[in-house]
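Right, one structure below, let's go through it.
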Amino acid sequence: MTVVKVKKMQLADIEEAAKVLSRAMLSNPIHVAVHHGESEIERQQIEDGFLAMLQARPEELIMATQGSQIIGVCRFFVCHGDRFVSQDVQELIDSSDPELSSFKNRNDYWHGIWARRDPSLTHCHLGPIGVLPEYQNLGVGSLLMERYCKFVDELQLPAYLATDMSTSVSFYGKFGFKVIDKIKILEVMNYFMWREIQA
């Protein structure tokens, strides 16, 4: 593999970055459960969601590139334990029999549960992070994580993430993350991980 560079993302890169993330995560269990499929239609829905997310915080994005191609994306931000959950989503989560027949409700249910589990302590929240399928298991994700951990350590903050991939738990463990909670969402096990401040 030719040289991979990790650098700060520019505004002009965000649309391509959203597409990269949608391809990277199309077959993730929670996305399959929420979108009920892995076709181009579902990939486009995932891309649209990531595009809105990345546009909301363009200053907190890094990317891995090979030549002019974006092959990996990482988003992170300092969170003060104040993630907002609307009243409608809270009622959906708290219901003993939530109405999850629509894509919107399934998506809100998933994101609402993740948001409610965000730690109240100030921390650096990681996510999403993804690498194009054809570049996975080649060290690209590790390069992004190394840059993220450097940022966190310079700020002397703990770090937090959520994942629906059991195989990712050991990967994040290599960077100091430990599972602090887990729960099934839409029949998919989700893991919540914490990294203490590093000396």
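Read the figures in this text as sums done on the coordinates, not as results from a lab. None of these values were measured; they are calculated from a predicted model. All Cβ positions, even for glycine, are placed from backbone atoms using ideal geometry, and neighbour counts span all protein chains on display.
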Report summary line: CD proxy, 222 nm, the chain: helix-only mean residue ellipticity via -39,500 (n - 2.57) per DSSP H run with n ≥ 4, per residue, nearest 500, stands at -12500 deg cm²/dmol
Query raised in the report: Along the Cα-to-C-beta direction of Asp82, a point sits 7 Å from the Cα; which residues of the stretch 152-194 have their amide N less than 16 Å from that point?
Result: none
Report summary line: Dipole check, the stretch 27-133, charges on Cβ (K,R +1; D,E -1), about Cα centroid: among Val89, Ser27, Leu100 the Cα furthest to the positive pole belongs to Ser27
**Report entry** Point-to-point label distance, Val3-Ser120, nm (Cα→Cβ direction, 7 Å offset)
**Finding:** 4.9 nm
Requested in this report: Just add up the charged neighbours of Cys124: K/R +1, D/E -1, any other residue whose Cβ is under 13 Å from the Cβ of Cys124.
Outcome: 0
Query raised in the report: How many lysine pairs in the chain, separated by 8 or more positions in sequence or lying on different chains, have Cα atoms less than 22 Å apart?
Result: 13
**Report entry** Separation in nanometres of the label points that stand 7 Å from Cα toward Cβ, at Thr167 and Gln69
**Finding:** 2.0 nm
**Report entry** Net charge over other residues, Cβ less than 12 angstrom from the Cβ of Arg43 (K, R count +1; D, E count -1)
**Finding:** -3
Query raised in the report: In the stretch 94-140, if every C-alpha pair distance is counted and binned at 5 Å from zero, what percent goes to each bin?
Result: 4, 15, 16, 16, 12, 17, 14, 5, 2
Query raised in the report: If a helix is a whole DSSP H run, which ones in the chain reach 15 Å or further along their own axis (Cα) and hold a mean Kyte-Doolittle hydropathy of at least -1.0?
Result: 14-25, 40-56, 140-155
Query raised in the report: Considering the dipole of the chain built from charges on the beta carbon (Lys and Arg +1, Asp and Glu -1) around the Cα centre, which of Ile46, Met165, Gly67 is farthest to its positive end?
Result: Gly67
Report summary line: Note on the stretch 1-104: alpha-carbon gyration tensor, axes a ≥ b ≥ c; rule is a/c under 1.5 for rounded, else prolate if a/b larger than b/c, else oblate; result oblate
Query - Furthest towards positive pole of dipole, Val3, Leu126, Pro58, structure part the chain, Cβ charges - result: Val3
Query - Cα-centre dipole for the stretch 47-199 with unit charges at Cβ (Lys and Arg positive, Asp and Glu negative), debye to 20 - result: 480 debye
**Report entry** Debye, to nearest 20: dipole size of the stretch 72-121, +1 on Lys, Arg Cβ, -1 on Asp, Glu Cβ
**Finding:** 340 debye
